[in-house]
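The values are calculated or read from the model by the stated rules, or taken from the named source; none is laboratory data. Bear in mind that the values here come from a model prediction, so they are computed numbers and not experimental data. Positions of Cβ are backbone-derived with ideal geometry, glycine not excepted, and every protein chain shown enters the neighbour counts. Quick note on the areas: whole protein, heavy atoms, side chains included, nothing else; ligands and nucleic acids left out. Shrake-Rupley method; radii C 1.70, N 1.55, O 1.52, S 1.80 Å.
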There are 2 protein chains.
Amino acid sequence: MADPVAATPALPTFADVAAAARRIEGVAHRTPVLTSRTADAMTGASLFFKAENLQRGGAFKFRGAYNAIAALPDEVRAHGVIAFSSGNHAQAIALASRLLGVPAVIVMPEDAPQVKVEVTRGYGAEVVTYDRYSQDREVLGREIAQARGLTLIPPYDHPEVIAGQGTLALELIEETGPLDMLVACLGGGGQLAGCALAAAERSPGVAIYGVEPEAGDDGRRSFHAGRVVTIPVPRTIADGAQTTYLGQITFPIIRGRVADIVTVSDAELVETMRFFASRMKLVVEPTGCLAAAAVLHGKLDVAGKRVGIVISGGNVDIASFARLVAPAT
Amino acid sequence: MADPVAATPALPTFADVAAAARRIEGVAHRTPVLTSRTADAMTGASLFFKAENLQRGGAFKFRGAYNAIAALPDEVRAHGVIAFSSGNHAQAIALASRLLGVPAVIVMPEDAPQVKVEVTRGYGAEVVTYDRYSQDREVLGREIAQARGLTLIPPYDHPEVIAGQGTLALELIEETGPLDMLVACLGGGGQLAGCALAAAERSPGVAIYGVEPEAGDDGRRSFHAGRVVTIPVPRTIADGAQTTYLGQITFPIIRGRVADIVTVSDAELVETMRFFASRMKLVVEPTGCLAAAAVLHGKLDVAGKRVGIVISGGNVDIASFARLVAPAT
């Protein structure tokens with residue numbers, strides 16, 4: 001059997017995104033596309049926010065998780081699935097597994113937000129924890145998968161996960177019509193790659209951007225170097241984007257279809273959380289603010305343009321949320 | 001000229017709600033209807049939340065305000081409008097006036113949330129403040145209106161305001177189909193009366209409920225007494241429902257079409273704010289939680305039913321919000 005790391009993986013296509021849209025229909029929420037005259041006035045653009053914080057499980061990750069599990073052959077799926085995740089993918093796999101009647105094991109960092117651990121267990125999944133600064137979650141996940149006969153559903157580097165995430169851009173563009181720009185949040189690249197597949201087909205000519213935390217700019221470095229660059233685990237409040245390298249599947253899609261990757265600071269993420277709470281009445285987690293933070297803080301030239309922005313999730317401990325959005329005293 | 005207080009006012013009808021829907025189309029947001037499996041599991045019901053915290057101006061009040069000003073004859077409107085309001089009506093009148101190119105004066109309590117005062121001024125309105133515990137805002141508002149030739153747009157007891165608020169129920173039922181119950185927030189009764197007009201026509205047989213703060217139960221007392229009962233200004237965190245009596249127009253509509261009026265405590269409102277923030281990722285102001293608090297805290301028998309719930313607004317100071325939703329330490 002070929003080493004899966006060395007093999008060239010098959011890249012998903014727009015047809016896979018369309019198939020994912022059919023699988024998740026009536027199961028995933030068709031989340032609202034929100035507008036804000038205040039944000040438009042701040043930027044001189046027409047902004048369309050895809051509110052995936054209102055998705056089932058509190059984040060876009062449910063799309064890819066459900067699609068990946070639903071696409072498994074029945075006999076494989078019946079044995080159960082395993083996932084390693086900094087949080088939202090875990091909840092998504094746990095929820096999707098419950099809906100599909102499949103056992104699930106979730107490998108989570110021991111410092112993941114408590115709300116995410118609790119909700120994951122609440123969905124009926126078994127949680128195994130690890131130290132994200134000393135252990136490799138992929139190695140641990142693969143070991144447990146092999147020992148128990150489970151199918152590993154990686155958080156981003158998987159064709160059906162990527163295709164599932166792409167359905168959010170499909171819905172967005174169905175509602176807004178053609179866009180000039182689409183700005184996505186970037187961790188491992190599942191959202192950005194999936195959205196790029198969908199948007200390039202449904203809004204030809206759209207310029208697609210990914211946004212990372214400043215401290216975790218492996219995506220930007222990789223994009224400009226033309227090869228996957230690995231970084232140490234970044235320290236950032238954007239816990240969903242603490243990835244250290246883009247995937248073997250996400251990177252070639254991103255490299256081929258994305259216009260650029262930019263970064264924002266943690267302070268800009270906090271400002272954006274406050275903006276969402278005070279002006280748009282939304283609870284958005286730090287990672288979920290990445291794309292909006294880049295647009296609202298002038299990292300991209302959006303003036304006069306129709307811009308889609310992904311709000312990727314809202315899973316933040318209520319105590320952390322209150323602390324972060326409270327005005328400085 | 002007849003004394004307007006003694007005259008029997010004309011009651012709005014469903015036709016007025018339908019006319020309001022045409023006036024606000026493309027100006028007001030058609031807010032999303034959100035669902036939550038968690039809330040459904042807690043109550044055994046199918047709950048449909050109409051998210052008016054995502055409305056322009058941050059609350060349902062924009063519907064009635066815009067409709068009332070747009071319905072004025074051109075020559076009357078040109079002189080300008082005046083409103084007295086505990087907050088959201090003020091912002092709504094200020095915003096609608098700006099959109100319609102009309103001067104606006106807003107009479108606000110001096111202890112109104114600072115965010116509401118600032119946003120009202122930001123929309124270009126002139127703000128006049130008063131002491132809500134010693135001065136009668138209606139008297140003050142009428143004096144200024146007469147002195148300056150402005151048209152007074154009251155916050156709830158006005159046919160076009162009521163008709164405008166009813167459009168939210170029209171949209172809700174268009175999206176959900178027939179409902180068994182519709183639960184609205186109750187201050188002066190504009191929302192409840194308007195929703196009752198719309199729902200009785202579009203979902204015959206629906207049972208309509210109003211929800212008030214415990215400390216401000218003038219609506220419940222009036223409903224059960226069969227006449228308008230006036231109470232002292234209630235002390236409650238639901239600042240948008242600190243009304244002291246139902247209107248001459250709202251009361252007969254409510255009396256004729258509403259099944260019952262129930263109350264919730266401030267503690268239940270805070271619990272509900274936390275629920276919205278942590279599970280539905282929404283910022284909702286205390287007053288906006290009234291209807292949901294009654295359903296989530298067992299004040300109404302919703303099991304097995306399809307229930308519409310109005311989330312009326314999200315205009316809460318971010319500091320107050322953070323303080324209220326932060327877990328007790």
Subject >> Within the stretch A:162-203, tally of residues that are crowded, with 24+ Cβ neighbours inside 10 Å and in a strand (DSSP E or B) >> reply: 4
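Which residues, counting only those in the stretch A:22-33, are within 13 Å of chain B (Cβ to nearest Cβ) and within 19 Å of the chain's Cα centre (by Cα)? Steps first, answer last, please.
First pass over the stretch A:22-33, keeping only residues within 13 Å of chain B (Cβ to nearest Cβ): A:26-33.
Hits for the stretch A:22-33 are A:VAL27, A:ALA28, A:HIS29, A:ARG30, A:THR31, A:PRO32, A:VAL33.
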**OP:** Could you please tell me which pairs satisfy a Cβ distance under 7 Å, a separation of 6+ or placement on different chains, a first residue in the stretch A:21-44 that is outside the structural domain of A:ALA71 (by TED's automatic domain parsing), and a second residue that is open to solvent by 30 Å² or more (accessible area, probe 1.4 Å) and polar (S, T, N, Q)?
**Re:** A:ASP40/A:SER46
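Could you please find all residues in the stretch A:261-275 being within 14 Å of chain B (Cβ to nearest Cβ), among the hydrophobic types (A, V, I, L, M, F, W, C) and more than 18 Å from B:GLY122 (Cα to Cα)? Give the steps one after another, and end with the answer.
Our first condition is that a residue be within 14 Å of chain B (Cβ to nearest Cβ); within the stretch A:261-275, this holds for A:270-275.
Still in the list and also among the hydrophobic types (A, V, I, L, M, F, W, C): A:270, A:273, A:275.
A:VAL270, A:MET273, listed by residue number.
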Subject >> Residue in the stretch B:24-37 that is in a helix (DSSP H, G or I), surrounded by 17 or more Cβ atoms within 10 Å (Cβ to Cβ) and out of contact with any Ser or Thr (no Cβ under 8 Å at 6 or more places or on another chain) present >> reply: no
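Does B:ARG255 qualify as being part of a loop (DSSP other than H, G, I, E, B), in the same structural domain as B:LEU168 (by TED's automatic domain parsing) and more than 20 Å from B:SER85 (Cβ to Cβ)?
Details: part of a loop (DSSP other than H, G, I, E, B): no; in the same structural domain as B:LEU168 (by TED's automatic domain parsing): yes; more than 20 Å from B:SER85 (Cβ to Cβ): yes.
Taking the combined requirement at face value, the residue does not satisfy it.
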Subject >> helices (runs of 4 or more DSSP H) completely within the stretch A:262-329 that count 1 or more residues being out of contact with any Lys or Arg (no Cβ under 6 Å at 6 or more places or on another chain) and closer than 16 Å to B:LYS281 by Cα >> reply: A:266-279, A:318-325
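Looking at B:PRO178, B:PRO113, which one is of a type outside the set (D, E, K, R) and closer than 25 Å to B:LEU11 by Cβ? Steps first, please.
On the way: B:PRO113 fails: closer than 25 Å to B:LEU11 by Cβ.
Step by step, each of B:PRO178, B:PRO113 is checked, and only B:PRO178 is of a type outside the set (D, E, K, R) and closer than 25 Å to B:LEU11 by Cβ.
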Original post:
Going through the stretch B:51-93 one residue at a time, which ones are among the polar types (S, T, N, Q), modelled with pLDDT of 95 or more and outside any helix (DSSP H, G or I)?
Top reply: B:GLN55
Subject >> Those residues of the stretch B:204-246 which are of a type in the set (Gly, Ala, Ser), part of a loop (DSSP other than H, G, I, E, B) and modelled with pLDDT of 95 or more, in sequence order >> reply: B:GLY226
**OP:** Would you point out the residue of the stretch B:94-129, among those that are within 26 Å of A:ARG274 (Cβ to Cβ) and in a strand (DSSP E or B), that is most open to solvent (accessible area, probe 1.4 Å)?
**Re:** B:VAL127
Subject >> Among (1) touching a strand residue (DSSP E or B) at 6+ places or on another chain (Cβ under 9 Å); (2) under 30 Å from B:VAL33 (Cα atoms); (3) at pLDDT 95 or above - the single one A:ARG121 does not satisfy >> reply: (3)
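Just for the stretch B:60-77: of the residues that are more than 14 Å from B:ILE24 (Cβ to Cβ) and of a type in the set (A, V, I, L, M, F, W, C), which one is farthest from the other protein chains (Cβ to nearest Cβ)?
Filtering the stretch B:60-77 down to residues more than 14 Å from B:ILE24 (Cβ to Cβ) leaves B:72-77.
Subset that is of a type in the set (A, V, I, L, M, F, W, C): B:72, B:76.
Working: B:LEU72: 23, B:VAL76: 27 Å.
Only one residue fits best here, namely B:VAL76.
Please find, among A:GLY256, A:GLY304, A:GLY308, the residue that is at pLDDT below 95 and closer than 21 Å to A:VAL206 by Cα. Walk me through how you get there before you give the answer.
Numbers: A:GLY304 fails: at pLDDT below 95; A:GLY308 fails: at pLDDT below 95.
None of the others qualify; the one that does is A:GLY256.
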Original post:
Could we say that A:ALA41 is small (Gly, Ala, Ser), within 12 Å of chain B (Cβ to nearest Cβ) and open to solvent by 10 Å² or more (accessible area, probe 1.4 Å) here?
Top reply: yes
Original post:
Just a yes or no: is a residue in the stretch B:224-243 touching a residue at least 12 places away in the same chain (Cβ under 8 Å), under 25 Å from B:VAL102 (Cβ atoms) and open to solvent by 20 Å² or more (accessible area, probe 1.4 Å)?
Top reply: yes
Subject >> Where B:SER265 falls short, out of the listed (1) under 23 Å from B:ALA112 (Cβ atoms); (2) at pLDDT 95 or above; (3) crowded, with 18+ Cβ neighbours inside 10 Å >> reply: (3)
Subject >> Residue that is farthest from B:PRO113 (Cα to Cα), among those in the stretch B:270-296 that are buried (at least 24 other Cβ atoms within 10 Å of the Cβ) and among the β-branched types (Val, Ile, Thr) >> reply: B:VAL295
Original post:
Which condition breaks for B:PHE48 when tested against (1) away from every other protein chain (no Cβ under 14 Å); (2) open to solvent by 30 Å² or more (accessible area, probe 1.4 Å); (3) over 19 Å from B:GLY187 (Cβ atoms); (4) not in a helix (DSSP H, G or I)?
Top reply: (1)
Original post:
Taking the stretch B:130-148 as the search range and keeping residues that are touching a residue at least 60 places away in the same chain (Cβ under 8 Å) and hydrophobic (A, V, I, L, M, F, W, C), which one is surrounded by the fewest Cβ atoms within 10 Å (Cβ to Cβ)?
Top reply: B:ILE144
Original post:
Which of (1) open to solvent by 10 Å² or more (accessible area, probe 1.4 Å); (2) closer than 17 Å to B:VAL119 by Cβ is the odd one out, the single condition B:GLN91 does not satisfy?
Top reply: (1)
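Which residues, taken from the stretch A:297-317, are in contact with a helix residue (DSSP H, G or I) (Cβ under 6 Å, 6 or more places away or on another chain) and open to solvent by 30 Å² or more (accessible area, probe 1.4 Å)? It would help to see each step written out before you state the result.
Of the stretch A:297-317, the ones in contact with a helix residue (DSSP H, G or I) (Cβ under 6 Å, 6 or more places away or on another chain) are A:297, A:300, A:302, A:308-315, A:317.
A:HIS297, A:ASP317, listed by residue number.
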Original post:
Can you find a residue in the stretch A:131-150 that is part of a loop (DSSP other than H, G, I, E, B) and within 15 Å of A:LYS61 (Cβ to Cβ)?
Top reply: no
Original post:
Which is within 14 Å of chain B (Cβ to nearest Cβ) and farther than 20 Å from B:PRO32 by Cβ, of A:VAL283, A:VAL325, A:VAL295?
Top reply: A:VAL325
Original post:
Can you pull out the residues in the stretch B:204-223 that are under 15 Å from B:THR287 (Cα atoms), in contact with an Asp or Glu (Cβ under 9 Å, 6 or more places away or on another chain) and open to solvent by 10 Å² or more (accessible area, probe 1.4 Å)?
Top reply: B:GLU214, B:ALA215
**OP:** Name the one entry in A:ALA70, A:ALA78, A:ALA51, A:ALA65 that is of a type in the set (A, V, I, L, M, F, W, C) and touching a His at 6+ places or on another chain (Cβ under 7 Å).
**Re:** A:ALA65
